[in-house]
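> Quick one: this structure, given as structure tokens, is what I'll be asking you about.
The values are calculated or read from the model by the stated rules, or taken from the named source; none is laboratory data. All of these numbers come straight from a predicted model, not from anything done at the bench. Ideal geometry is used to build each Cβ from the backbone, glycine not excepted, and the neighbour counts take in all protein chains shown. The area values use the complete protein model at the heavy-atom level, side chains included, leaving out ligands, DNA and RNA. Shrake-Rupley method; radii C 1.70, N 1.55, O 1.52, S 1.80 Å.
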Amino acid sequence: MFKSESNSSVPKNDENSALLLAAASAVSPVSELNAVNRAALCKSASVVHVQRNDTVKPEGANRWLMYLIEGNISLFNGKDEVGTITARSKEALQPLFLDKAAYQSVKTTSVAKIVKFGREQLDILLREQQKNAISVIDVQVTALDNLIFDDIQADIKANNLELSSYGDAAAKILATYKTVAGIPELAEIIQSDPGLSAHIVSLANKTESANGDSITSIRGAISRLGVEETQANIEELLEAKQISPSNTAIEFRMRRYVQRAVLSAAIVQVLARDIPDLKPEIAMLVAMTSDIGELAILGYANKHEAHFKDEAKLSEVIVNLRTILSGWILSSWDFPEEFVEAAHTSRDWYRNHNGEINYADLVTASLLIIQSEMPDGEHSSIPSADNLLLARRFQQAGIDLKSPADIIKAATSKLISVQALLKAS
């Protein structure tokens with residue numbers, strides 16, 4: 001299944017069975033199986049002992065998913081070393097050779113162990129499990145998490161979810177939206193506010209269309225609603241859903257969220273121009289809405305502001321609930337699947353990147369750029385682009401995430417143009 005001078009699969013014994021079960025519960029996507037199915041998959045799996053300085057190639061990788069569970073390996077693209085993986089690291093939880101474009105062989109730098117799981121059997125077990133299971137996301141929550149989550153859950157069920165607009169931005173939009181020349185300019189105005197953007201698309205998705213497709217851009221939403229109805233909705237939404245932060249912690253997080261969402265949207269538009277089959281308008285809306293759960297959290301925290309005067313506590317709630325709420329909101333508001341996927345995966349920094357670069361990848365890249373060029377000034381879970389598979393994929397497309405000055409310059413230029421529109425009233 002791969003070339004190595006010592007590629008013998010070791011017969012199963014108690015030690016190897018324990019290694020296989022431990023790996024199955026940790027590595028992706030095998031860990032998505034329940035305990036019974038993981039045990040079934042392990043019956044056909046094996047442990048491979050590899051000697052130091054052995055070369056491993058992906059021959060047979062269409063039949064097996066392989067994972068490093070002990071030792072260290074170097075990754076090679078031809079003769080060039082392009083990275084390393086250490087057992088029990090985040091990278092080791094992903095299959096070797098799944099991303100064929102990233103590297104073509106690995107060389108052990110120590111005695112190592114690799115486990116093999118049958119790809120076809122895994123796919124069958126996952127499909128059967130998904131047919132018979134309810135999807136459950138297990139999140140450890142606090143009392144403050146529940147305070148926010150219960151309010152949002154009730155309003156989603158009542159179709160009354162509020163995504164607030166920051167007061168200063170709302171005032172500028174209300175003073176401008178009737179004066180712009182046409183749909184492109186009106187779209188730019190709406191796109192300056194994440195909450196307004198999401199609400200306008202949600203309203204458009206509720207309007208019947210000839211083909212029944214979900215909206216993928218603000219221009220598409222305006223076209224479906226009509227300019228006059230869009231303008232009426234802008235006025236109604238902004239007058240009803242403006243937020244005045246009740247304390248400095250909420251105000252700080254709200255300002256930072258809006259700045260990040262708007263800059264991320266501008267960056268992905270720049271990136272999408274160089275990626276075949278990705279459209280800048282769609283990329284913008286994906287980025288604008290991928291963290292929309294954070295906006296919901298801030299709005300509902302403002303209703304309980306006495307509990308959220310500590311910025312650290314507010315930040316913890318955001319980290320715990322942002323991803324699950326973002327995906328839930330977008331799904332319940334009939335956003336297309338690629339929007340929901342971006343909400344669920346764009347902050348999974350170490351995921352594998354198979355196939356072509358997609359919209360979720362653009363959002364991840366934008367967050368990496370923002371953190372590298374304009375860090376929060378606090379401890380962040382966002383890593384450097386160094387040694388990430390995603391950075392290498394973008395490098396192959398001619399985009400250097402490690403030197404993003406030109407990308408930031410182009411994105412900032414776009415933001416300046418939008419701000420000029422808002423000040424033109």
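> So how far apart, in nm, are the two label points at N77 and T207 if each is 7 Å from Cα heading toward Cβ?
Label-label distance for N77 and T207, simple model: 4.5 nm.
> Compute the length gained on full extension between A171 and A158: take 0.36 nm times their separation in residues and subtract their Cα-Cα distance, giving the result in nm to one decimal.
Working: separation 13, 0.36 × 13 = 4.68 nm, distance 2.82 nm.
Working it through step by step, the gained length comes to 1.9 nm.
> Using modelled backbone amide H atoms (1.01 Å from N, in-plane), which distant-in-sequence or interchain residues come within less than 5 Å of T109's amide H?
Close amide H contacts, sequence-distant or interchain: N53, N72, I73, S74.
> State the label only: which of [x] 126; [y] 168; [z] 160 corresponds to volume of the Cα convex hull per residue in Å³ computed from the shown model?
Among [x] 126; [y] 168; [z] 160, the one derived from this structure is [z].
> Further question on the same structure: Can you work out the Karplus-derived ³J(HN,Hα) for every residue in the stretch 145-157? Use 6.51 cos²θ - 1.76 cosθ + 1.60 with θ = phi - 60°, whole Hz, and x for glycine or proline.
For the stretch 145-157, the Karplus-derived couplings read 4, 5, 4, 6, 4, 4, 5, 5, 4, 5, 6, 5, 5 Hz, x marking Gly and Pro.
> Once label points are set 7 Å from the Cα along Cα→Cβ at both E32 and T109, what is their separation, rounded to one decimal in nm?
Those two pseudo-labels are separated by 3.1 nm.
> Now for a separate question. Counting only heavy atoms of the protein chains, get the accessible area per residue of the stretch 156-281 (1.4 Å probe) and round it to a whole Å² value. Show your work: numbers first, answer last.
Details: 5550 Å² over 126 residues.
Accessible area per residue, the stretch 156-281: 44 Å².
> Ok, one more. Checking the cross-link filter: which aspartates and glutamates have an alpha carbon closer than 13 Å to that of K402, excluding same-chain neighbours under 8 positions apart?
Hits, sequence-local ones excluded: E373, D386.
> Which entries of K90/K409; K43/K90; K116/K279; K313/K409; K279/K313 show an alpha-carbon separation above 27 angstrom in the structure shown? Write out the running numbers ahead of the final one.
Numbers: K90/K409 32 Å; K43/K90 25 Å; K116/K279 38 Å; K313/K409 34 Å; K279/K313 38 Å.
Pairs exceeding the cut-off: K90/K409; K116/K279; K313/K409; K279/K313.
> Per 0.36 nm of contour for each residue apart, how much would the distance between K409 and E311 grow if the chain were fully extended, relative to their Cα-Cα spacing?
Values: separation 98, 0.36 × 98 = 35.28 nm, distance 3.08 nm.
Fully extending the segment from K409 to E311 adds 32.2 nm.
> Each residue of the stretch 232-240 in turn: what ³J(HN,Hα) in whole Hz from Karplus with 6.51, -1.76, 1.60 and θ = phi - 60°, glycine and Pro shown as x?
These are the phi-based 3J(HN,Hα) values: 5, 5, 4, 4, 5, 5, 6, 6, 8 Hz.
> Right, here's the next one. How would K279, K79, K423, K172 rank on accessible area, largest to smallest, probe 1.4 Å? If you can, show how the numbers build up before the last one.
Numbers: K279 125, K79 195, K423 150, K172 90 Å².
From most accessible down to least: K79, K423, K279, K172.
> Just to check I understand the Karplus step: with θ = phi - 60° and J = 6.51 cos²θ - 1.76 cosθ + 1.60, what whole-Hz values come out for the stretch 297-312, glycine and proline as x?
4, 5, x, 7, 4, 5, 6, 10, 4, 5, 8, 10, 7, 8, 4, 5
> While we're here: Evaluate the relative contact order of the stretch 17-136 (contact order divided by residue number), counting alpha-carbon pairs under 8 angstrom at least 6 apart; express in whole percent. Don't skip to the answer; put the middle values down first.
Numbers: 215 pairs, mean separation 41.8, N = 120.
Reported as a whole number, the value is 35 percent.
> Could you state how much accessible area M374 has, in square angstrom rounded to the nearest 10, with a 1.4 Å probe and all protein chains kept in place?
90
> Could you work out the relative contact order of the chain? I mean the mean sequence separation of Cα pairs under 8 Å and 6+ apart, divided by the number of residues, in percent. Mind dumping the intermediate values first?
Values: 653 pairs, mean separation 60.7, N = 425.
Once normalised by length, the contact order is 14 percent.
> Here's another thing I want to ask about it. If r is the Cβ-Cβ distance from A40 to T179 and R0 is 51 Å, what FRET efficiency results, to the nearest 0.05?
On the way: r = 65 Å, r/R0 = 1.27.
Once rounded, the FRET efficiency stands at 0.20.
> Additional query: GNM, the chain, Cα, under 10 Å: largest mean-square fluctuation among P375, P280, P245?
Maximum among the listed residues: P375.
> List every residue whose amide H lies under 5 Å from the amide H of V82, counting only residues 5 or more places away in sequence or on a different chain, with H placed 1.01 Å from N in the peptide plane.
The answer is L75, F76, N77.
> So if each residue of separation counts as 0.36 nm, and I subtract the Cα-Cα distance between E228 and A143, what length gain in nm does that give?
Details: separation 85, 0.36 × 85 = 30.60 nm, distance 4.40 nm.
Extending this stretch completely gives an extra 26.2 nm.
> Compute the Cα gyration tensor for the stretch 179-271, then decide on rounded, prolate or oblate, letting a ≥ b ≥ c be the square roots of its eigenvalues: rounded whenever a/c is under 1.5, prolate when a/b is larger than b/c in the other cases, and oblate in all that remain. If you can, show how the numbers build up before the last one.
Details: a/c = 1.96, a/b = 1.53, b/c = 1.28.
Note, shape of the stretch 179-271 comes out prolate.
> Treating only the Cβ atoms of Lys and Arg (+1) and Asp and Glu (-1) as charged, compute the dipole magnitude of the chain about its Cα centre; round to the nearest 20 debye.
Details: 42 positive and 54 negative charges, 241 e Å.
Charge dipole of the chain: 1160 debye, to the nearest 20.
> Could you sort H49, H199, H307 by accessible area so the largest value comes first, with the probe set to 1.4 Å? If you can, show how the numbers build up before the last one.
Values: H49 65, H199 20, H307 100 Å².
If we order H49, H199, H307 from most to least accessible, we get H307, H49, H199.
> Roll a 1.4 Å probe over the protein heavy atoms and report the accessible area of S192 in Å², nearest 10.
We get 20 Å² for S192.
> Helix-derived [θ] at 222 nm for the chain: sum -39500 (n - 2.57) over DSSP H runs of at least 4, divide by residue count, nearest 500?
Details: 17 runs with 220 residues, N = 425.
Computed mean residue ellipticity for the chain: -16500 deg cm²/dmol.
> With a ≥ b ≥ c taken as the square roots of the eigenvalues of the C-alpha gyration tensor of the stretch 284-391, please select rounded if a/c is under 1.5 and otherwise prolate if a/b is larger than b/c or oblate if it is not? Don't skip to the answer; put the middle values down first.
Working: a/c = 2.52, a/b = 1.30, b/c = 1.94.
Since a/c reaches 1.5 but b/c is at least a/b, the shape of the stretch 284-391 is classed as oblate.
> Under the definition of Cα pairs under 8 Å and six or more residues apart, what whole-number percent is the relative contact order of the stretch 210-297? Let's see the in-between values first.
On the way: 47 pairs, mean separation 25.7, N = 88.
Computed over the stretch 210-297, the figure is 29 percent.
> At 1.4 Å probe size, with no ligands or nucleic acids counted, give the accessible surface of F252 in Å², nearest ten.
Surface accessible to solvent at F252 totals approximately 90 Å².
> Let's test the formula: R0 of 30 Å, r as the Cβ-Cβ distance of A397 and E235. What FRET efficiency results, to the nearest 0.05?
Rounded to the nearest 0.05, the efficiency is 0.10.
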